[in-house]
Amino acid sequence: MNYDLQTFRGDLFGGVTSAIVALPVALAFGVASGLGAAAGIYGAIAVGFFASVFGGTRSQISGPTPSMTVAMAVIVTSHAATLGEALTVVVMSGILQVLLGVSRLGRYVAYTPYVVISGFMSGIGIIIILIQLLPFLGAPTSPHGPMGALSVLPDALADVNVSAVIIATVSLAIGALWPRRLARLLPSPLASLLAGTLLGVLWLTDAPVIGQIPMGLPELQFTFPPVDFLISAVEPAIILALLGSVDSLLTSLIADSLTGTQHKPNRELVGQGIGNMVAGLFGGLPGAGATMGTVTNIRAGGSTPISGVLRSVLLVMLLLGLAQYVAPIPHAALAGILVKIGWDVIDWRFLTLVHRIRREHLLVMLLTLGLTVFVDLVTAVAIGLIAAGMTHAQQLETLELDSVISVPLLDRTFFSEYQDMTTTDPYSARVGLVALRGSFTVASSRKLVEVIGEDIKDHEVVIFDFSETTYLDDSAAMVVETLMQVAVEKNTEFVVMGLSDDIEDILRILNILRQVPDGHLVGTLDEARQAAYNLLWKHDTGNERDTDHI
């Protein structure tokens, strides 16, 4: 792609517009996280710049997001005793994201089940609203998360700051009702911020305000913590890294759909990781791909990483030149903005379909949502993924077992040559065929023995047909060994046919084929029928028979 003046013009407009959108949101997220308003701007600058330079999505805008903000608030209140420890978790999460990208695992992060994503995103939206109820009423935020906010809500209601309520209500109303045709000229978050600030400065001056934030570029704030803290910080760092990765890659998919391009997931994770490492080193809020900023950038004309770089440069200029004007911004104005953001984060589309989705999916979503709100985000994501995995395994079990065919071979030609020598009914099911078609994993391994084991004992010879088996994991392979052992215990001869190179490799690696007698491992169904014929002849006559036809 040739970079020309027209492309630069689009990137410039995109960078300017997304910077205007980012300023009030970054301030609000910084305050909500517990790190302060300045941390939100530092994070928007660091993550936005480095994710654009090193990332793999051309038009993506990165910065503080709702999920990362709530996760950081949990870390500040529950996993870190000092600012240095909290920033250490941010740096560790950035390192983990880089490792995910370097290990080429980026595409797998996007496989997080949607019900888990929907559950914790809706939970995050509810948390944001609950936490902002206190500053909405003019009270200080609770350091104990949403449940702490609810516990002190009666006291806040008893001592309401009317000025704060008016400012917050006006900011919320503007954010919710701002006409779309005006959004291109003045984004709704900025309109809410300006209106709320003017009310606080000119009229309702008794509402709590942000206060002075540091001017100039941030200084290095990272301090190396004790080793025992590093061990305890691994779990929150992993969750923060996974949240940021999922958030970013989902936003990358949205950017792809709007631009017709294709992102590079592994490179994107490297860029996001570097951005979060730098943010943590300089006291910034961690971030990820920001959907609102990305869509704004694309619609304004941004089409290359230059737009993201310009956005960060503009935020630095605003920080250097306008930091002194941030002090009078009321907390209530930011609360109004965040309540609107929290409302938008809730997955209303999915929630309106709860009566249509499968019960097990609904349970996973509600479990994740409940744990997010009432316990913590770390537990919610971990248990949500486990529950979703178990639900998926249950569905796979049904699908995989539907691919198993266990039938008798009612073929008269098996016995036509010697039926006068035996009293056996020529149409009896002396030979069974067990065909494993498709893929088989741990999901269906337990039931395979139950389903097939009973059929094996009903035959004198069973043919295990792997000609249409595409995948066999270790658990399913060990079940194949169990099925062979069942055949031996039931005095049933068995023949194995149609092994592909991959399936044969896994069976040999696990030393399973050692149980297959010589001559019982064949390639085609005709060869399997011949082997079964010879085994039946031997069984009835007591003599070996070597024949080239059935």
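The values are calculated or read from the model by the stated rules, or taken from the named source; none is laboratory data. What you see is a predicted model; the values in this text were computed from it and never measured. Cβ placement follows ideal geometry from the backbone for every residue including glycine, while neighbour counts extend to all protein chains displayed. Quick note on the areas: whole protein, heavy atoms, side chains included, nothing else; ligands and nucleic acids left out. Shrake-Rupley method; radii C 1.70, N 1.55, O 1.52, S 1.80 Å.
Out of (1) over 36 Å from the mean Cα position of the chain (by Cα); (2) modelled with pLDDT of 80 or more, what's the single condition that is false for Met215?
Here Met215 clears every test but (2).
State all residues of the range 260-284 that are modelled with pLDDT of 95 or more and not in a helix (DSSP H, G or I); if no residue qualifies, say none.
Passing the criteria: none in range.
How many of the residues in the range 257-289 are open to solvent by 20 Å² or more (accessible area, probe 1.4 Å) and either touching a residue at least 40 places away in the same chain (Cβ under 8 Å) or touching a helix residue (DSSP H, G or I) at 6+ places or on another chain (Cβ under 8 Å) (or both)?
Qualifying residue count, the range 257-289: 15.
Which condition breaks for Gly30 when tested against (1) surrounded by fewer than 24 Cβ atoms within 10 Å (Cβ to Cβ); (2) in contact with a Gly (Cβ under 9 Å, 6 or more places away or on another chain)?
The number of the failed condition is (1).
Can you find, within the range 470-526, the residue that is farthest from Val434 (Cα to Cα) among those that are of a type in the set (Gly, Ala, Ser) and more than 36 Å from the chain's Cα centre (by Cα)?
Gly519
Of everything in the range 119-130, what is surrounded by fewer than 24 Cβ atoms within 10 Å (Cβ to Cβ) and of a type in the set (Gly, Ala, Ser)? Give them in sequence order.
Listed by number, the list holds a single entry, Ser122.
For Ser18, are the conditions met, namely being open to solvent by less than 10 Å² (accessible area, probe 1.4 Å) and assigned to a helix (DSSP H, G or I)?
Yes: the conditions hold for Ser18.
Could you check the range 179-203 and list, in sequence order, the residues that are outside any helix (DSSP H, G or I) and either of a type outside the set (A, V, I, L, M, F, W, C) or modelled with pLDDT under 90 (or both)?
Pro179, Arg184, Leu185, Leu186, Pro187
Restricting attention to the range 321-358, and to residues there that are more than 21 Å from the chain's Cα centre (by Cα) and of a type in the set (Lys, Arg), which single residue is most open to solvent (accessible area, probe 1.4 Å)?
Within the range 321-358, the match that is most open to solvent (accessible area, probe 1.4 Å) is Arg356.
Restricting the search to the range 211-256, which residues are of a type in the set (Asp, Glu) and either out of contact with any helix residue (DSSP H, G or I) (no Cβ under 7 Å at 6 or more places or on another chain) or surrounded by fewer than 20 Cβ atoms within 10 Å (Cβ to Cβ) (or both)?
Within the range 211-256, Glu219, Asp228, Glu235, Asp256 qualify.
Give just the number: which of (1) open to solvent by less than 60 Å² (accessible area, probe 1.4 Å); (2) without any contact (Cβ under 8 Å) to a residue 12 or more places away in the chain; (3) small (Gly, Ala, Ser) does Gly200 not satisfy?
(2)
For the range 111-157, give me each residue that is of a type outside the set (Gly, Ala, Ser), touching a Pro at 6+ places or on another chain (Cβ under 8 Å) and more than 19 Å from Ser248 (Cβ to Cβ).
Ile126, Ile127, Ile128, Leu130, Ile131, Leu134, Pro135, Pro140, Thr141
For the range 405-413, state whether one or more residues are open to solvent by 40 Å² or more (accessible area, probe 1.4 Å), at pLDDT 75 or above and farther than 30 Å from Thr470 by Cβ.
no
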